[in-house]
Amino acid sequence: MIVPRRVALRSLFTLAVAAFTGGALARIAATPREGRPAGTTTSGGAPDTFDEMYRGRHIRARATPTGVPEVLVDGRPLHLMRCADGGYLTPIDHYQSCPTPLAATRAAVDQMGTAPLSRFAAAHGVHSVRPGGSQRGPHA
């Protein structure tokens, strides 16, 4: 059976379009995101690193191979989670997505007030801080 020329050309064209589209999408997905918001570096280091005093607390972050920085508030770890929209959240406030790790850390400090950060906050166990410093969650 002989395949008509039109069917063969249509099949080759479809195959070529699929191959080029897949290659272009793979290249786009592998390209690092550029154009981070200004102010993501406050210590002159790599993006998403900072070391500063904010509202009387020492907040610090350093880059990790995973792309989500390791954050410390007064020497205790604060877990950051990456959102699908590219923002960040913390266990202190799961409902507010912040554009940068610095903004998420500052929002957590604002939410905590004068309460100390729980040593379990980096393990998803504590979701928020009650007024007066008591913790809510399974580790309270």
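The values are calculated or read from the model by the stated rules, or taken from the named source; none is laboratory data. From a predicted model like this one, the values you see are computed outputs, not experimental measurements. A quick note on method: Cβ atoms are made from the backbone with ideal geometry, for glycine too, and the neighbour counts reach across all protein chains shown. Ligands, DNA and RNA are excluded from the accessible area calculation, which covers all protein heavy atoms including side chains. Shrake-Rupley method; radii C 1.70, N 1.55, O 1.52, S 1.80 Å.
Descriptive notes on the structure:
- Criterion violated by R6 - all others in (1) exposed (fewer than 10 other Cβ atoms within 10 Å of the Cβ); (2) modelled with pLDDT under 85 satisfied: (2)
- Of residues in the stretch 59-116 being among the hydroxyl-bearing types (S, T, Y) and over 11 Å from the mean Cα position of the chain (by Cα), the one farthest from D48 (Cα to Cα): T114
- The requirement of being among the aromatic types (F, W, Y), open to solvent by 10 Å² or more (accessible area, probe 1.4 Å) and not in a loop (DSSP other than H, G, I, E, B) is fulfilled nowhere in the stretch 45-53; no residue meets it.
- Residue ID - farthest from A108 (Cα to Cα), chosen from residues in the stretch 54-86 that are part of a strand (DSSP E or B) and open to solvent by 60 Å² or more (accessible area, probe 1.4 Å): R62
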